[in-house]
Amino acid sequence: MAEETVDALARAQAVDGSAGAAHRHDALLSARAANIKQSAVRDVFEISMQPGLVSLAGGNPNLASLPLERLGETARRIIAERGLEALQYGGGQGTLELRTQICEVMAAEGILDADPDNVVITAGSQSAQDVAAKVFCNPGDVILLEDPTYVGALNTFEAYEVDVQPVAGDEHGIIPSELRTRIAALQAEGRRIKLLYTIPNFNNPSGVMLAPERRQEIVDICREANILVLEDNPYGLLKFDGVLPAPLRAANPEDVLYLGSFSKIFAPGLRIGWALVPAHLLQRFYLASEAVTLCPPTFNQLLVSDYLGSYDWQGQISTYRSLYRDRCAALLSALDEFMPAGVSWTRPEGGFFVWLTLPEGIDTYPLLHRGIDAGVVFVPGAAFTAAKGPSNKLRLAYSAVPPETLREGVKRLAPVLAEAIAA
Ligand code: PMP
């Protein structure tokens, strides 16, 4: 194994947040800082940049189909015609023009009653998660998360000294009876549960979509327990085929704080996402957001507004959708062809990820080394769970990898898993 691979792997394993040798300034650090962990995904991503490796680790969007030349002209025109506005501070909530257009995007996602006044533009949905934790959680408060869940949300919530508690799901998403049981158990212990964080469409990492018939029940359970639902929906419009079930927010404007993003449907580097906030919480939310960023990036907002106003953004989403549909199909067919008995996986209807389950008792973390030796990188499942301890799951991302390479990656991975199962 290459020396730098070993280094990066060692860093990936240092997920306890301890960053290097002790320094006298350590005594100055907040308890919160000690809770800020390295993202195992980012480290594995670093490893996977090495030549010769097939990386099924990074869930980057594929941006090759973007009209770069035209976007360059648009960027130049914005500076030429509105430069002093584009390069100036703006309002903390974001421009009214973009908030109005975001309501049209949300209409395509199934939310028909969004009011631009209730939209707060954020630096990606990641920063909206941070603001939500800051606004709602004191140290020790509980956030419930479907299991598995997005590693970035886990890390953000833990940085606020929140007690993250998993709720079991299956191939149709969160199981309502499990949610009820978990809430009752935590309340019996006197715990204060503030939020349920959920990714109902094409969960990162599992690719699972929450069944339409479970959606209202989940909101009702939370409403009864006075828990706010934090619905994160960056992948909804990337459903490969058919109609997307209504978001939890659609029929529940008071009980759901909804997060959206242009990262997967346009471009993540612009760092433009948003929150649709229940009216009674709006002011607290946007003041907290303003306290971090003052305002969302003005130039990027103008660029996104121009894109939504004068490009075929829905056509671009169709292009993304068919690209990811083909890649997902290639990955699933390679898994069907090469995977040994004992391994099962999800069959996503959208998004970027497939989630593999190995037999009970196999820890996928040590398999990462063996995978790298075999020339393939994945993300071990332990990164994606609020439940501590080893995991027999792993995540494969197909979004950034051409179909032939996906097949090669699975071909390399299969013997590694077969050997672990046989051991
Ligand atoms: N939520 C989920 C479920 C994600 O997978 C990601 C990024 N991969 C994010 C939020 C962060 O997205 P953004 O770029 O909008 O901050």
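We did not get these values from a lab; they are worked out from the coordinates using the rules stated. Small disclaimer: the values here were computed from a predicted structure and weren't measured. Glycine gets a Cβ as well: all are built from the backbone with ideal geometry, and neighbour counts include every protein chain shown.
At a glance:
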{"item": "Beta bridges by DSSP in the chain, antiparallel share as percent, to the nearest 5", "result": "50 percent"}
{"item": "For segment 172-186 and segment 275-321, distance of Cα centres in Å", "result": "32 Å"}
{"item": "Alpha carbon Rg of the chain, scaled by the compact-globule rule 2.2 N^0.38 Å", "result": "0.98"}
{"item": "Surrounding net charge for residue 328, when Lys and Arg each add one and Asp and Glu each subtract one, Cβ distance under 12 Å", "result": "+2"}
{"item": "Efficiency of FRET from Cβ geometry, residue 184 and residue 60, R₀ 30 Å, rounded to 0.05", "result": "0.15"}
{"item": "Sites residue 360 and residue 243, calculated FRET efficiency, Cβ-Cβ separation with R0 41 Å, nearest 0.05", "result": "0.65"}
{"item": "Kirkwood Rh and Cα Rg combined as Rg/Rh, segment 197-307", "result": "0.99"}
{"item": "Long-range Cα-Cα pairs in segment 47-109 (distance over 16 Å), rounded percent", "result": "72 percent"}
{"item": "R0 of 45 Å, Cβ-Cβ distance residue 79-residue 322: FRET efficiency to nearest 0.05", "result": "0.85"}
{"item": "Overall dimensions of segment 322-366 as given by Cα atoms, namely Rg and Dmax in Å", "result": "11.9, 37"}
{"item": "Candidate lysines for bridging to residue 37, where Cα separation is under 27 Å - those fewer than 8 sequence places away on the same chain excluded", "result": "134, 194, 264, 388, 393"}
{"item": "Helix-only [θ]222 nm of the chain, DSSP H runs n ≥ 4, -39500 (n - 2.57) each, per residue, nearest 500", "result": "-14000 deg cm²/dmol"}
{"item": "Ratio of the Cα radius of gyration of segment 354-423 to 2.2 N^0.38 Å, where N counts its residues", "result": "1.08"}
{"item": "Segment 246-383: C-alpha gyration tensor shape, a/c 1.5 cut-off, then a/b vs b/c", "result": "prolate"}
{"item": "Cα centroid of segment 84-160 to Cα centroid of segment 364-411, whole Å", "result": "29 Å"}
{"item": "Listed peptides 97-103, 374-380 by packing density, highest first (mean Cβ within 10 Å)", "result": "374-380, 97-103"}
